[in-house]
Ligand SMILES: [Zn+2]
């Protein structure tokens with residue numbers, strides 16, 4: 001007797017920050033501008049939240065300076 005296991009092979013992407021494998025369907029795109037142009041990184045939910053917090057802080061700091 002032969003047992004077969006059919007497994008759906010899903011290609012995952014790796015989070016740029018913590019290196020965890022993320023399902024591309026739920027991965028977050030983190031876009032940022034550098035001197036070389038626009039870069040897009042893939043990240044997991046937790047790191048996307050972290051990046052959002054940092055971006056928010058930068059945005060707030062900019063607004064403070066503008067006033
Ligand atoms: Zn991560």
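Among 29, 63, which is free of Cβ contacts under 8 Å to residues at least 60 places away in the same chain and within 16 Å of the ligand (Cβ to nearest atom)? Can you show your working first?
On the way: 63 fails: within 16 Å of the ligand (Cβ to nearest atom).
Result of the check over 29, 63: 29.
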Practice task
Just give me the residues in region 49-60 being loosely packed, with under 11 Cβ neighbours inside 10 Å and within 16 Å of the ligand (Cβ to nearest atom), in sequence order.
Solution key: 53, 54
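Give me the residue from region 1-21 that is more than 9 Å from the chain's Cα centre (by Cα) and assigned to a strand (DSSP E or B) and, out of that set, surrounded by the fewest Cβ atoms within 10 Å (Cβ to Cβ). Before the answer, list the steps.
We begin by selecting, within region 1-21, every residue more than 9 Å from the chain's Cα centre (by Cα); these are 1-13, 18-21.
Narrowing the set further to residues that are assigned to a strand (DSSP E or B) leaves 13, 21.
Details: 13: 17, 21: 12.
The extreme case among them is 21.
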Problem - Selected residue (criterion: farthest from the ligand (Cβ to nearest atom)) from residues of region 32-48 that are within 14 Å of residue 14 (Cβ to Cβ) and in a strand (DSSP E or B) - result: 40
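Read-outs throughout are calculated quantities, based only on the coordinates presented, and are distinct from any laboratory measurement. What you are looking at is a predicted structure, and each value in this text was computed from that prediction instead of being measured. Ideal geometry is used to build each Cβ from the backbone, glycine not excepted, and the neighbour counts take in all protein chains shown.
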